[in-house]
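Below is one structure, written out as structure tokens; comments come after it.
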Amino acid sequence: MISTFKVLTFVFVLAAICAENIFSQQKLIVESGIENYSLGGYLSILEDKEHKFSINEAASDSMRDKYSYVNKTTLNLRFTTSAYWARFIVLDTTSFQFAVIKGFHNNSTWLLVNNEQVIEDIRLYYKDLNNEGNNYVEIKAGCMVPVKQKSIKISDFVAGFPIQKNVPDTVYLRVQTKSQFILSFNLVTTNEYVIRSSKRNFFHAVIFGISFLLILYNIILYLSIKEEVYIHYVLYILFFSLYLFVYQGYYSDIIGRTFSQDYFILPLGAATLGGVFWLLFTRAFLNTKLTMPWAYKALTYFTVLAPFFYICTFAFHIPWLAAILAASIISYYLLGILVCIISLKKGNYLSKYYLLAIFGVAAGVLITTSTRNNFFPLPFNFWTQNAINLGILWEALILGGTVGYRFNLLRVEKEKEKAIMRNQIAADLHDEIGSNLSAISLQSRLMMKNQNLDDDSKEQLQNIEYTAGITTEKIRDIVWFINPFHDKSEDLVLRMKELASKMLFRLNYSFDSAGDEARIFDLLPDLNMRRHIFLIFKETLNNVIKHSEATEVNILLTAKEKKFIMIIADNGKGFSEEKIVPGAGLSNLRNRAALIGAQILIESNGGNGTKITLEVPLKN
């Protein structure tokens, strides 16, 4: 019985010792070679509901046991109107003097860094070792303090303070904010802070650079195709970049404070507008207006949700409304995922890229939320701090590539639609107008066989037949060019050769081209330009047959010095423009050349043949 009592007594004492070690505040012992310490595991906190404690009261012996040791890397106190005092004890056991900053040359100096950007009022208190009485020195920091008033003019810097060698120093923090109350601090040397800031700035510079390129790329796409999806994506990336610029402190570092609570209003406003344009982008990207009208309406109505809570947050000065605002922005992504899954089941292939992109944002939100609220044992470091930024960067890159792919796909689809329409127009011209003109020509010939017609009537019928025939031939040319199956360069070259063989069959002629003959017209992709070149070619051959009395014709197609050149030369009788009767032939050639921005040179002298040179400038 006695031995059992002794065992229980021993267990109780052991438990008490363990409890003392577990729940008592731990000292931060500075060791050689370590230049960065997270303060979360060394803080004890005291709530000051009425904001009445001074530093002397908070540091008094009567308050010593009222502090609660939390032992968490990040402490999330949600939204509260209370002020909180935080205490940590640091003991420097190193023999190596770390780098110091101005004003603290006689002691090892450490810098306190705030990991949560939007904390309004932070005050650091440490004992003045150089004056008698060891009164506390107060240093003010936080968003409300302009950066220019800090010794190191960067937003996350709180203060630098000296630490005695081998003597425990107790340091106090008083923190108060209307935003979400998150305590997360690091104690670093000056060297480590420089490295930390350089990494941070480089990482964010990469994000800003990629965002700028994505914005520029999508602006070009928007100007090319005039689809709202691209401008919505541009505005989404723009407001995300603005949010990052303000929230990470670059706004206050570079521009400075511009109005009251700008550190709170601007990032929330940028995040709100970013969420709105994300919904609008989702609506257009998944083509919900045509495929899912209900989703189009839902996404449209939901856009007012976040702006409503944003206005309420500042209109009624209720801090916890900011949490509802954040939840409403997250609901935008959740709604987008739901619509995307339904769209994917309906066969929208773009949905899979959307889901892949939003996976990065979801992972970033999960990691950041878990770190800030200690849901999972994740370290609070550079990568977990920037998880959302990395997630949005992932999303931006995936969607940036996808919208480019979508642009190419839309262009191909529109070309297909144009080809179908051109094919239909060609068929209608051939079947309807062409057949009607043939019928007119046939009826005219039949009517001319009537013995009772006078000479004037027969002449009019001949004119009708001739006009119908000429018009039919022109319609055939138009139909040929409209037909999308004739868009290839070799098709036009072949048609020109067929026309030459048909019109010049009684003459000796040559048809040559420099380089790859079949691809000569690839340099002139414009359909209208090709049509005018063909008609100039046809008109010129017609003039040769009617007027030149030539026996030889040489045709050359070439491209040089950024010009497409067509030369048609004959050995006919030639002409002098001053002596010929003005007609429509030469005038038509010059007018057609002018319409396509080309130059046409007509060289001819009586008895020396004629040479016509057409030069068409190439755009590329």
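Close contacts from region 349-360, counting a first residue that is over 13 Å from ILE337 (Cβ atoms) and a second that is of a type outside the set (Val, Ile, Thr) and outside any helix (DSSP H, G or I), with Cβ to Cβ under 9 Å and a gap of 6+ residues or different chains, come to LEU350/LEU286; LEU350/ASN287. Scanning region 156-186 for residues that are modelled with pLDDT of 80 or more and among the small types (Gly, Ala, Ser) gives ALA159, GLY160, SER184. So, PHE264, is that one among the aromatic types (Phe, Trp, Tyr), buried (at least 16 other Cβ atoms within 10 Å of the Cβ) and within 15 Å of ALA322 (Cβ to Cβ) or not? Against the criterion (among the aromatic types (Phe, Trp, Tyr), buried (at least 16 other Cβ atoms within 10 Å of the Cβ) and within 15 Å of ALA322 (Cβ to Cβ)), PHE264 qualifies. The condition of being in contact (Cβ under 8 Å) with a residue 24 or more places away in the chain, of a type outside the set (S, T, N, Q), open to solvent by 10 Å² or more (accessible area, probe 1.4 Å) and in contact with a strand residue (DSSP E or B) (Cβ under 7 Å, 6 or more places away or on another chain) holds for only one of LYS140, LYS199, LYS148, LYS165, that being LYS165. Residues of region 569-588 include none that is among the basic types (Lys, Arg), out of contact with any Gly (no Cβ under 7 Å at 6 or more places or on another chain) and at pLDDT 85 or above. The number of residues in region 353-400 that are at pLDDT 75 or above and of a type in the set (Ser, Thr, Tyr) comes to 4.
Restricting region 57-75 to residues that are open to solvent by 90 Å² or more (accessible area, probe 1.4 Å) and modelled with pLDDT under 90 leaves a set whose member that is farthest from the chain's Cα centre (by Cα) is ASP61. When region 297-312 is filtered for residues that are surrounded by fewer than 18 Cβ atoms within 10 Å (Cβ to Cβ) and assigned to a helix (DSSP H, G or I), the ones remaining, listed by number, are LYS297, ALA298, THR300, TYR301, PRO307, PHE308, ILE311, CYS312. Residues in region 273-289 that are closer than 13 Å to GLU227 by Cβ and open to solvent by 10 Å² or more (accessible area, probe 1.4 Å): LEU280, ARG283, ALA284, ASN287, LYS289.
In the set LYS418, LYS458, LYS474, only one residue is modelled with pLDDT under 75, part of a helix (DSSP H, G or I) and closer than 30 Å to GLU228 by Cα; that residue is LYS418. Has region 578-593 got at least one residue that is within 26 Å of ASP491 (Cβ to Cβ), open to solvent by less than 60 Å² (accessible area, probe 1.4 Å), free of Cβ contacts under 8 Å to residues at least 40 places away in the same chain and in contact with a strand residue (DSSP E or B) (Cβ under 8 Å, 6 or more places away or on another chain)? The answer is no; no qualifying residue exists. In the set (1) among the hydrophobic types (A, V, I, L, M, F, W, C); (2) in a loop (DSSP other than H, G, I, E, B); (3) under 52 Å from the mean Cα position of the chain (by Cα), the condition left unmet by MET529 is number (2).
The values are calculated or read from the model by the stated rules, or taken from the named source; none is laboratory data. For clarity, every value in this text was computed on a predicted model and none was experimentally measured. Methodologically, a virtual Cβ is constructed for each residue, glycine included, from the backbone with ideal geometry; neighbour enumeration extends over all protein chains shown. Quick note on the areas: whole protein, heavy atoms, side chains included, nothing else; ligands and nucleic acids left out. Shrake-Rupley method; radii C 1.70, N 1.55, O 1.52, S 1.80 Å.
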